[in-house]
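Chemist: I am attaching a structure below and will ask some questions about it afterwards.
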């Protein structure tokens with residue numbers, strides 16, 4: 001993993017998102033064994049050590065340290081909710097410079113999560129990017145609500161998509177995403193958005209333009 005980091009840096013990559021990843025049983029080699037060398041938090045710390053201390057984990061000096069901007073993920077909606085902000089704090093303490101959140105649909109819960117993060121001073125130590133994933137249809141909303149671990153899709157959003165009528169749910173999903181982005185622009189502690197149009201990537205430019213994020217302002 002350390003050699004992969006050095007290779008990525010040599011190829012010009014300067015931002016790195018540190019994740020645990022999905023369990024291998026969801027991949028095409030479900031019989032493969034788990035590896036417990038490090039977890040996501042230790043991965044963050046490893047990249048920080050390589051960058052700041054300019055050494056491998058074993059203390060051996062690096063010729064060229066990978067000056068990575070270190071990212072991590074956060075899920076404000078997993079149980080127990082009260083623990084989520086403290087887990088975020090641990091990732092920031094380990095060395096995370098930016099955070100990408102899970103897809104956000106329960107705005108009430110996310111507002112509370114961000115309030116806690118601000119009150120703890122975490123938003124002054126890293127950049128938090130709010131995860132925005134537009135719903136394509138009612139089926140997607142129901143699937144994410146029932147079958148995707150750690151996802152919190154309120155029944156009110158499902159009813160809103162249903163109420164849009166057949167053929168209009170996609171546009172209603174985009175409208176909800178645009179409403180979220182507008183609120184995130186004003187929400188204390190939110191540094192930006194991570195726009196994830198799952199299997200709908202061609203919609204990203206349109207959504208960004210309608211949200212007023214494109215074209216980017218000239219510096």
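Chemist: Want the number for residue 81 to residue 107: 0.36 nm per residue separation, take away the alpha-carbon distance, what's left? Walk me through the numbers on the way to the answer.
Modeler: Working: separation 26, 0.36 × 26 = 9.36 nm, distance 1.38 nm.
Length difference between fully extended and current span is 8.0 nm.
Chemist: Who wins for biggest fluctuation among 76, 66, 30 in a Gaussian network model of the chain, springs between alpha carbons below 10 Å?
Modeler: 30
Chemist: Using Cα springs under 10 Å in a Gaussian network model of the chain, which residue among 132, 35, 47 shows the largest mean-square fluctuation?
Modeler: Highest fluctuation among the options: 35.
Chemist: What length, rounded to one decimal in nm, is gained on full extension from residue 191 through to residue 162, with 0.36 nm per residue of separation minus their alpha-carbon distance? Can you show the working numbers first?
Modeler: Values: separation 29, 0.36 × 29 = 10.44 nm, distance 3.20 nm.
Result: 7.2 nm gained on full extension.
Chemist: May I pose another question? Alpha carbon centre of the stretch 140-189 versus the stretch 1-31: separation in Å?
Modeler: Taking the Cα centre of the stretch 1-31 as reference, the centre of the stretch 140-189 is 30 Å away.
Chemist: Over the alpha-carbon set of the stretch 1-67, divide Rg by the Kirkwood Rh and report the Rg/Rh ratio to two decimals. Provide the component values of the computation, followed by the final result.
Modeler: On the way: Rg = 13.7 Å, Rh = 13.2 Å.
Expressed as Rg/Rh, it is 1.03.
Chemist: Share of antiparallel DSSP beta bridges in the chain, in percent to the nearest 5? Kindly include the intermediate steps, with their values, before the conclusion.
Modeler: Details: 1 of 18 bridges.
If I count the DSSP bridges inside the chain, around 5 percent turn out antiparallel.
Chemist: Further question on the same structure: Using only alpha carbons, build the gyration tensor for the chain and give me the equivalent ellipsoid semi-axes, biggest first, whole Å.
Modeler: Working: eigenvalues 216, 83, 67 Å².
Ellipsoid half-lengths, sorted descending, are 33, 20, 18 Å.
Chemist: Using only the alpha carbon atoms of the stretch 86-212, find the Kirkwood hydrodynamic radius as the inverse mean reciprocal pair distance, in angstroms to one decimal. Write out the running numbers ahead of the final one.
Modeler: On the way: mean 1/r = 0.0652 Å⁻¹.
It is 15.3 Å.
Chemist: Further, regarding this structure: Taking 7 Å along the Cα-to-C-beta vector as the label spot, tell me the residue 198-residue 42 distance in nanometres, rounded to one decimal.
Modeler: Computed distance between label sites residue 198 and residue 42 equals 2.9 nm.
Chemist: Among 159-167, 104-112, how do they line up from the highest to the lowest mean number of other beta-carbon atoms within 10 Å? Write out the running numbers ahead of the final one.
Modeler: Values: 159-167: 13.3, 104-112: 17.7.
By packing density, highest mean first, the sequence is 104-112, 159-167.
Values quoted throughout were computed directly from the atomic coordinates according to the rules given, and no laboratory measurement underlies them. Since we're looking at a predicted model, the values are computed, not measured. No Cβ is skipped: glycine too gets one built from the backbone with ideal geometry, and neighbour counts run over all protein chains shown.
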